[in-house]
Each structure stands twice: as C-alpha cells, then as structure tokens.
Amino acid sequence: MDNCIFCKIIKKEIPSNIVYEDNQILAFRDINPVAPVHILVIPKKHIESVIELSKDDEILIGKIYTVINKIAKQENINEKGFRVIVNCGEDGGQEVKHLHFHLLGGKKLGVKICE
Ligand code: 5GP
Ligand code: ZN
C-alpha cells in the first residue's frame, strides 16, 4: 500500500519508536500520545480496518492480543491496567486506514470512552 503511512513505518521508510517487532506484527509509540504509555500495535499485513478482516486473519488478531499482553508487562502497566482501543471508519474516528490497536496506560484513564 504505497501511500499508507503505517506501511511506510513497517518498511522503515518513516522512523518510529519501535517497542516490539516480529514477522507479522509491529508495535511503536504513538507520535501524539494521549497517555504516558500510548503504543500502536499493527499487523504488518495491510488491512484497512476491522471491517476488512476475514476469517483468515483470526489467528493474526489473536496474536496481536498476545503481543499486547507482552508489551503491557514490558511497559509495567500490567498490574495497574490499561485500555485497548480500535477505531473503525468515519464515525469511529479512524484517521489512519491501516488496522491498529491503541494500547493506553500509565495513568488512571477517564471513564468516558465516547462523547
Ligand atoms: P486513529 O485516529 O486512526 O485511530 O489513530 C491514528 C493514530 O496514529 C493517532 O493516535 C496518531 O497520533 C498516530 N499517528 C499518525 N501518524 C503517525 C506517525 O507517523 N507516527 C506515529 N508513531 N504515529 C502516528
Ligand atoms: Zn498500510
């Protein structure tokens, strides 16, 4: 996906602060963090959003949560807790059209998840 910013981050054409990488998944710090820990976990495969997922992606999505588990421990937010958010489409406020999981923590997060 030539003009996808996250595909460029995966290809290291755009620098990012990587916290985890394997052959299928990349995790890096959000450029505009809204919490002390704000990490984006993404599949290396370009999938636009939750709506574009297929049955073939089920194992991959499961692995993303295993990676989130690992990073939460790495970042020391596993005990106090954290939030995982996936925005989808226009109403969901998705800006980057490459599926990503926001991992947020490091402070007591507000109770509102929508407004
Ligand atoms: P969305 O609103 O699509 O769910 O979230 C996109 C996220 O990507 C935002 O939190 C935004 O700060 C982050 N982001 C956008 N461009 C870049 C970038 O070039 N590098 C990094 N590290 N994060 C980015
Ligand atoms: Zn992409």
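Observations, loosely collected:
- Some residue of segment 15-34 being among the charged types (D, E, K, R), exposed (fewer than 12 other Cβ atoms within 10 Å of the Cβ) and over 13 Å from the mean Cα position of the chain (by Cα): yes
- Segment 1-68 holds strands (runs of 3 or more DSSP E) entirely within its bounds, and those carrying 3 or more residues that are without any contact (Cβ under 8 Å) to a residue 24 or more places away in the chain map to 25-29.
Table: residues versus (1) touching a helix residue (DSSP H, G or I) at 6+ places or on another chain (Cβ under 9 Å); (2) within 14 Å of ligand 1 (Cβ to nearest atom); (3) not hydroxyl-bearing (Ser, Thr, Tyr).
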position: Lys11; (1), (2), (3): no, yes, yes
position: Pro15; (1), (2), (3): yes, yes, yes
position: Arg29; (1), (2), (3): no, yes, yes
position: Lys45; (1), (2), (3): yes, no, yes
position: Tyr65; (1), (2), (3): no, no, no
position: Asn78; (1), (2), (3): yes, no, yes
position: Val84; (1), (2), (3): yes, yes, yes
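- Applying the condition of being within 10 Å of the chain's Cα centre (by Cα) and not in a loop (DSSP other than H, G, I, E, B) to segment 97-110 and asking which residue is nearest to Val41 (Cα to Cα) yields Phe101.
- Residue count, segment 36-65 (criterion: in contact with a strand residue (DSSP E or B) (Cβ under 9 Å, 6 or more places away or on another chain) and surrounded by fewer than 19 Cβ atoms within 10 Å (Cβ to Cβ)): 8
This table checks each residue for (1) more than 16 Å from ligand 2 (Cβ to nearest atom); (2) polar (S, T, N, Q); (3) under 18 Å from Val19 (Cβ atoms); (4) under 12 Å from the mean Cα position of the chain (by Cα).
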{"residue": "Glu58", "(1), (2), (3), (4)": "yes, no, no, no"}
{"residue": "Tyr65", "(1), (2), (3), (4)": "yes, no, yes, yes"}
{"residue": "Asn69", "(1), (2), (3), (4)": "yes, yes, yes, no"}
{"residue": "Lys73", "(1), (2), (3), (4)": "yes, no, yes, no"}
{"residue": "Ile77", "(1), (2), (3), (4)": "yes, no, yes, no"}
{"residue": "Gly81", "(1), (2), (3), (4)": "yes, no, no, no"}
{"residue": "Ile85", "(1), (2), (3), (4)": "yes, no, yes, yes"}
{"residue": "Cys88", "(1), (2), (3), (4)": "no, no, no, no"}
{"residue": "Glu95", "(1), (2), (3), (4)": "no, no, no, no"}
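- Flag for Phe101 being under 21 Å from Ile10 (Cβ atoms) and either in contact (Cβ under 8 Å) with a residue 24 or more places away in the chain or not hydroxyl-bearing (Ser, Thr, Tyr) (or both): yes
Only the coordinates and a few stated rules stand behind these numbers; no lab work does. Not measured: the values here are computed from a predicted model. Heads up, the Cβs are rebuilt from the backbone with ideal geometry, glycines too, and the neighbour counts pull from every protein chain shown.
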